[in-house]
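**Student:** This is the structure I have questions about; it appears just below.
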Amino acid sequence: MKELTFIRSNFERWKEVEEAMEEKDRLSPDVLADMYIDLTNDLAFAQTHYPQSRITRYLNMLSSTLHNEIYQNKREKWSRIITFWTREVPETMYHERKLLLASFLIMVVSAIIGIISQAADPEFCRIILGDDYVDMTLENIQNGKPMAVYDGSNPSEMFLGITLNNVYVSFLVYVMGFFTSIATGWALFQNGIMLGAFEGFFAQHNLLGESLLAVFLHGTLEISAIIVAGAAGLALGNSWLFPKTYSRIVSLRRGARRGLKIVVGTVPLFIVAGFIEGFVTRHTELPDMLRGGFILLSLSFVIFYYIIYPRKIKNKQYGKK
């Protein structure tokens with residue numbers, strides 16, 4: 001690669017590093033670390049191909065400055081507990097925003113497939129949900145309590161069991177990324193098919209409205225968190241499938257760190273969703289307007305925290321409106 005082409009290809013990124021150094025207090029240690037890895041990669045390339053060039057000296061100076069900044073702030077503070085969710089997770093979500101969209105689309109498409117499959121074959125739900133669950137739900141419908149499944153055990157035990165299971169599912173979706181992003185996509189597909197078949201089953205019994213209100217009372221946060229975990233798994237899988245200019249192991253480490261940060265960030269959502277499912281969803285006598293309002297509130301939070309707020313954080317870092 002000619003030196004001029006190398007400079008033109010990376011100049012904007014180097015400029016971002018310079019700007020970030022002026023606003024370094026707003027950046028998380030991991031963001032600085034990622035910048036440092038990118039920069040040293042460029043420096044190694046320049047030292048190999050243009051050892052006497054001014055651009056090599058410039059990159060060496062910039063790398064040294066960034067290195068000193070990282071190790072000067074290496075000690076973690078208790079405030080990291082707060083900034084993890086207020087800055088680090090949103091910053092990572094902005095970086096992986098395309099994968100979040102991909103995860104969302106996989107879930108939506110698979111749910112639609114589940115609905116269509118259930119409409120074509122009323123017995124399809126037995127394959128996906130199991131005979132025991134379907135027979136139990138049919139009995140509940142006949143007894144006039146279609147959502148009785150959410151009122152079948154002690155609320156505290158249900159809360160704990162559901163929360164642990166959901167956290168397990170999210171980490172499983174993430175870990176599947178070690179077996180390529182296709183494996184994570186398949187895990188998302190299975191969850192989407194299950195959701196679609198479930199809602200299609202209730203629609204066939206004229207209970208779609210009641211089902212949506214009951215399921216999405218807790219499911220808005222729960223399903224959103226699984227989609228976010230899917231983005232983490234896709235980031236992990238893509239990191240070693242498509243390492244770009246990094247070695248495969250370096251790229252894998254970066255992807256694993258980003259993905260783990262995302263999936264850990266979903267844990268509070270699962271805790272809240274588990275609490276709602278264990279203690280609140282069972283109260284189907286609550287007014288539809290109240291349940292619908294809470295669903296919209298949950299959806300608004302998800303959209304703000306995972307889509308709008310990350311963009312605000314990114315724009316604020318570089319002085320954009």
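The values are calculated or read from the model by the stated rules, or taken from the named source; none is laboratory data. Not measured: the values here are computed from a predicted model. A quick note on method: Cβ atoms are made from the backbone with ideal geometry, for glycine too, and the neighbour counts reach across all protein chains shown. In case anyone asks, the SASA skips ligands and DNA or RNA and just uses the protein heavy atoms, side chains included. Shrake-Rupley method; radii C 1.70, N 1.55, O 1.52, S 1.80 Å.
**Student:** Exactly one of these conditions fails for residue 210: (1) surrounded by fewer than 23 Cβ atoms within 10 Å (Cβ to Cβ); (2) within 20 Å of residue 133 (Cβ to Cβ); (3) at pLDDT 95 or above. Give me its number.
**Tutor:** For residue 210, the failing item is (3).
**Student:** I need the full set of residues from the stretch 49-91 which are open to solvent by 50 Å² or more (accessible area, probe 1.4 Å), modelled with pLDDT of 80 or more and farther than 30 Å from residue 3 by Cβ, in order please.
**Tutor:** Passing the criteria: 82, 85, 86, 87.
**Student:** I'm checking my understanding of the structure. Among residues of the stretch 117-126 that are in a helix (DSSP H, G or I) and touching a residue at least 60 places away in the same chain (Cβ under 8 Å), which one is surrounded by the fewest Cβ atoms within 10 Å (Cβ to Cβ)?
**Tutor:** 119
**Student:** Would you call residue 239 of a type in the set (S, T, N, Q), assigned to a helix (DSSP H, G or I) and touching a Gly at 6+ places or on another chain (Cβ under 6 Å)?
**Tutor:** Yes: the conditions hold for residue 239.
**Student:** What is the residue count in the stretch 174-195 for residues that are in a helix (DSSP H, G or I) and either of a type in the set (Lys, Arg) or open to solvent by less than 70 Å² (accessible area, probe 1.4 Å) (or both)?
**Tutor:** Counting residues in the stretch 174-195 that are in a helix (DSSP H, G or I) and either of a type in the set (Lys, Arg) or open to solvent by less than 70 Å² (accessible area, probe 1.4 Å) (or both) gives 15.
**Student:** Would you check which residues across the stretch 225-247 are open to solvent by less than 40 Å² (accessible area, probe 1.4 Å) and of a type in the set (Ser, Thr, Tyr) and list them?
**Tutor:** Of everything in the stretch 225-247, those that are open to solvent by less than 40 Å² (accessible area, probe 1.4 Å) and of a type in the set (Ser, Thr, Tyr) turn out to be 239, 246.
**Student:** Can I ask one more? Might you let me know whether the stretch 195-207 holds any residue that is modelled with pLDDT under 95 and touching a Gly at 6+ places or on another chain (Cβ under 9 Å)?
**Tutor:** Looking through the stretch 195-207, none of the residues is modelled with pLDDT under 95 and touching a Gly at 6+ places or on another chain (Cβ under 9 Å).
**Student:** If a residue must be open to solvent by 50 Å² or more (accessible area, probe 1.4 Å), out of contact with any Phe, Trp or Tyr (no Cβ under 7 Å at 6 or more places or on another chain) and in a helix (DSSP H, G or I), how many such residues does the stretch 148-173 contain?
**Tutor:** Matching residues across the stretch 148-173 total 9.
**Student:** Determine whether residue 133 is touching a Gly at 6+ places or on another chain (Cβ under 7 Å), more than 21 Å from residue 283 (Cβ to Cβ) and among the aromatic types (Phe, Trp, Tyr).
**Tutor:** no
**Student:** Right, here's the next one. Restricting attention to the stretch 248-284, which residues are open to solvent by 60 Å² or more (accessible area, probe 1.4 Å) and outside any helix (DSSP H, G or I)?
**Tutor:** Correct list: 283 only.
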